[in-house]
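Everything below concerns the one structure shown next.
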Ligand code: GLN
């Protein structure tokens, strides 16, 4: 394990220009704290794991790539960070992200953009986001695995863009205690790894009830899920896996390369004896708009506490109503938040305002319920948290398989030209599972025309040779999602 740690540390200096980390654990300290041989029984013994910088760790600052938290170190570690330590892992450092997780290309103005090691015609590509630092750290071997957060696709999208495995568990499985809220009804902690097997190992250490997180699934609910899944698995033994292909994901902006990768994967599964079932999720086209109403609304409320008084950096100013100057908290927030965060706070404050709430926030909540119902209609496993038991029809499916993103990663130059709305469009395939709280994993699959050049594990770069395919299943069906991911890996 220690040898691996040394290898990762070497990769960290080699790929420092990619800006994957905001802070790194001191190399000497890492080597000194490498767990003793008697700990070798621990499941993540000596594993170097990077943690996205919106997840609190006790030793390093937690900045969320925001100026407003630039000097913030949490007085306590998040539950997930504590669980990693219990399992014998070492924290590699804190990875770069879009400010507070808001974005798809890991370009926080304060922390600077993350670069992908991959290029197209010599142009650097976007690493995806918002967990782009975690994805790049994994793909370049700067750590064994990384934690990210996924609110609307932030683990899956960067995984798809960097050839890594990005797993977002069901909402409530992994504790959010000590994870900075973006949109708390959607936020999940996920994993970025080189293989599905690694994702399983890491997830196993994190999949636990946490009394400190009110949305954590308690033991009784977990038992109920296990029972439902076991009953379904019993029946599944005697029949092929049923893979749903959502008709609505075949959108006009789906690039031909990604579409070909999708169809060839489905053919491969069919040839292996699995059943391919076309399904319809009619509310899909509304999901993206609903997400971009709900996520900013929750963000505007969650980020209200960064006022320079209770949390974060302070820009001084008068604390009473001013004559000509701005009050302290307005100055602090105006200077502390970057443009995208300010845009979302304004958007959220508007859609929650009394004149707009019915047309925006309430409508979006209704769409969210429709999206969830769409999924409930196609999965054979009934939603384990709902009492109404739907009849498992003949044409129900076990999982859905669809692309993670409609295109290959854009170049950084292309990203710089995108309007905010254009960049929101990137999330069209990832937000539906987020709105419904479902488990989803992005797995890299080979592109048909990718040159089969063998890559040296230490030298990462050149053209992308993979794209991400997403496996989505019913709430609580996390193990199945990983099982199918392993099948297509
Ligand atoms: N790109 C999406 C957003 O900006 C998703 C971000 C995330 O999952 N944290 O909201």
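Every read-out reported here was derived from the displayed coordinates using simple, explicitly stated rules and does not represent laboratory data. Everything numeric in this text was worked out from a predicted model, so none of it was measured. Positions of Cβ are generated from backbone atoms using ideal geometry, with glycine treated the same way; all protein chains shown enter the neighbour counts.
Averaged over residues, the count of other Cβ atoms within 10 Å places the peptides 301-311, 272-282 in the sequence 301-311, 272-282, highest first.
Once C-alpha pairs closer than 8 Å and six or more residues apart are averaged by separation and normalised to the residue number of the chain, the relative contact order reads 18 percent.
Going by C-beta contacts inside 10 Å, put 144, 262, 177 in order with the fewest on the left. Display every interim value, and only then the final one.
Working: 144 26, 262 21, 177 18.
With the sparsest Cβ surroundings first, the list reads 177, 262, 144.
Mean residue ellipticity at 222 nm from the helices of the chain, using -39,500 (n - 2.57) per DSSP H segment of n ≥ 4 over the full residue count, to the nearest 500 deg cm²/dmol?
Values: 16 runs with 174 residues, N = 489.
Computed ellipticity for the chain at 222 nm equals -10500 deg cm²/dmol.
With contacts taken as Cα pairs under 8 Å and at least 6 residues apart, segment 216-365 reaches a relative contact order of 21 percent.
Reported to the nearest whole Å, the Cα centre-to-centre distance from segment 396-438 to segment 184-254 is 19. Counting pairs of alpha carbon atoms under 8 Å apart in space and at least six apart in sequence, what relative contact order in percent does segment 74-204 give? For segment 74-204, the relative contact order is 23 percent. The modelled label-to-label distance for the pair residue 263/residue 356, using points 7 Å beyond Cα in the direction of Cβ, is 4.2 nm.
If packing is taken as the average number of other Cβ atoms within 10 Å across a peptide's residues, how do 231-237, 199-205 rank, most packed first? Write out the running numbers ahead of the final one.
Working: 231-237: 12.1, 199-205: 21.0.
Highest to lowest by the protection proxy: 199-205, 231-237.
For a quick protection proxy, order the peptides 86-95, 351-360, 468-477 by their average other-Cβ count within 10 Å, most packed first. Display every interim value, and only then the final one.
Working: 86-95: 24.2, 351-360: 13.1, 468-477: 27.4.
Packing order, densest peptide first, comes out as 468-477, 86-95, 351-360.
Label sites at residue 327 and residue 13, each approximated as a point 7 angstrom past Cα along Cα to Cβ, lie 5.1 nm apart.
Gain on full extension, evaluated as 0.36 nm per residue between residue 349 and residue 313 minus their Cα-Cα distance, stands at 10.7 nm.
So if we plug the beta-carbon distance of residue 26 and residue 272 into 1/(1 + (r/R0)^6) with R0 = 51 Å, what FRET efficiency do we get, rounded to 0.05? Computed FRET efficiency for residue 26 and residue 272 comes out at 0.60.
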